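The values are calculated or read from the model by the stated rules, or taken from the named source; none is laboratory data. What you see is a predicted model, and the numbers here were worked out from it, not measured in a lab. Here Cβ is always computed from backbone atoms with ideal geometry, including for glycine, and neighbour counts include all displayed protein chains. Note: areas computed on protein heavy atoms with side chains; ligands, DNA, RNA excluded. Shrake-Rupley method; radii C 1.70, N 1.55, O 1.52, S 1.80 Å.
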Amino acid sequence: MPFCRAWGVMLVVVASVLSGDAMADSDVSLDEFELEFLQIINVYRAENGAPCLTPSPTMNAAADYMSRTMGELGFFDHNEPPCDDEGDICTGRDPFDRIAFFGHTGWSTAAENISAGRSDAMGTFEGWKGSEGHNRNMLDPSFTSIGIGRVIVPNSPYGVYWTNNFSNYIDGTGDCEGEGAGDIPVSGQGGSAAGPSDPTLGTISGEGCHALGGAGSGLFWLVFVGGFFRIRRRSI
């Protein structure tokens, strides 16, 4: 059963240092499925009066990393491990520290959608469209840049994972078709798991994440046809 979550935030200043190793281990290009999603969301935004989104190499890398890590570690949350026993509430790095870590630091507003269990771009889009929080992120007119990460992780809880990151900072080519240098599509069925995603997480065991304490998350569940959607949004 597919799952989806959304999270958004507005910040004034963000500062971080890019890890070259992390960028090297993540895919910054768009494969045919991710490119299809880019085309779908930009048509949808145009129909609703929002500007098109241009792929961000740094957020593509962050999204690819997040999708891969969720599958490898068996959790489903916007924060990275450590997590509770079910892998639903995690207290590690959040989406905004993550995109900054991958070099996306010029933004003042950003958001993230995640989904698991849907292989195709249209099914993932329709799942997010049917959820108020995810749909708000996809149509936010202040966003001009997107990162897309679809990763197949064999023997993981949901098999395929999607992450979208959004911001108001363009660091790619500015090409909304995803055909600029560094944003070009590559053939294949999305990224597939191949080794640890980030040395800061330690060894990838494939056994999920474990509770190392917890905190109130302000989360709530919404049930829609075809899946469960978890919404979390924050403003500062």
So, first residue surrounded by fewer than 20 Cβ atoms within 10 Å (Cβ to Cβ) in region 145-156, second residue in a strand (DSSP E or B), Cβ within less than 9 Å, six or more apart or across chains; the pairs are ILE152/VAL160; ILE152/TYR161; ILE152/GLY191; ILE152/SER192; PRO154/SER192
Matching entry among ASP27, ASP21 (being in contact with a strand residue (DSSP E or B) (Cβ under 6 Å, 6 or more places away or on another chain), open to solvent by 20 Å² or more (accessible area, probe 1.4 Å) and either at pLDDT below 90 or basic (Lys, Arg) (or both)): ASP27
Which residues, counting only those in region 40-65, are of a type in the set (Gly, Ala, Ser) and open to solvent by 20 Å² or more (accessible area, probe 1.4 Å)? ALA46, GLY49
Has region 183-204 got any residue that is at pLDDT 50 or above and surrounded by 16 or more Cβ atoms within 10 Å (Cβ to Cβ)? yes
Consider PRO55 against the criteria (1) over 16 Å from THR144 (Cβ atoms); (2) within 16 Å of the chain's Cα centre (by Cα): it satisfies all of them except one. Which criterion is unmet? (1)
In region 66-118, how many residues are buried (at least 24 other Cβ atoms within 10 Å of the Cβ), assigned to a loop (DSSP other than H, G, I, E, B) and touching a Ser or Thr at 6+ places or on another chain (Cβ under 6 Å)? 4
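Take the residues of region 157-175 that are hydrophobic (A, V, I, L, M, F, W, C) and closer than 14 Å to ASN60 by Cβ: which is surrounded by the most Cβ atoms within 10 Å (Cβ to Cβ)?
Per the stated criteria, the residue is TRP162.
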Only one residue in ASP85, ASP77 is over 14 Å from GLY149 (Cβ atoms), modelled with pLDDT under 95 and touching a strand residue (DSSP E or B) at 6+ places or on another chain (Cβ under 7 Å). Which one? ASP77
I'm trying to understand the selection: among the residues of region 125-162, which are within 18 Å of PRO55 (Cα to Cα) and among the polar types (S, T, N, Q)? ASN137, SER142, THR144, SER145
As an exercise: evaluate GLY172 against (1) at pLDDT 95 or above; (2) in contact with a strand residue (DSSP E or B) (Cβ under 7 Å, 6 or more places away or on another chain) and give the number of the one condition it does not meet. (1)
Residue by residue through region 120-144, note down the ones that are surrounded by 16 or more Cβ atoms within 10 Å (Cβ to Cβ) and among the hydroxyl-bearing types (Ser, Thr, Tyr). THR124, SER131, THR144
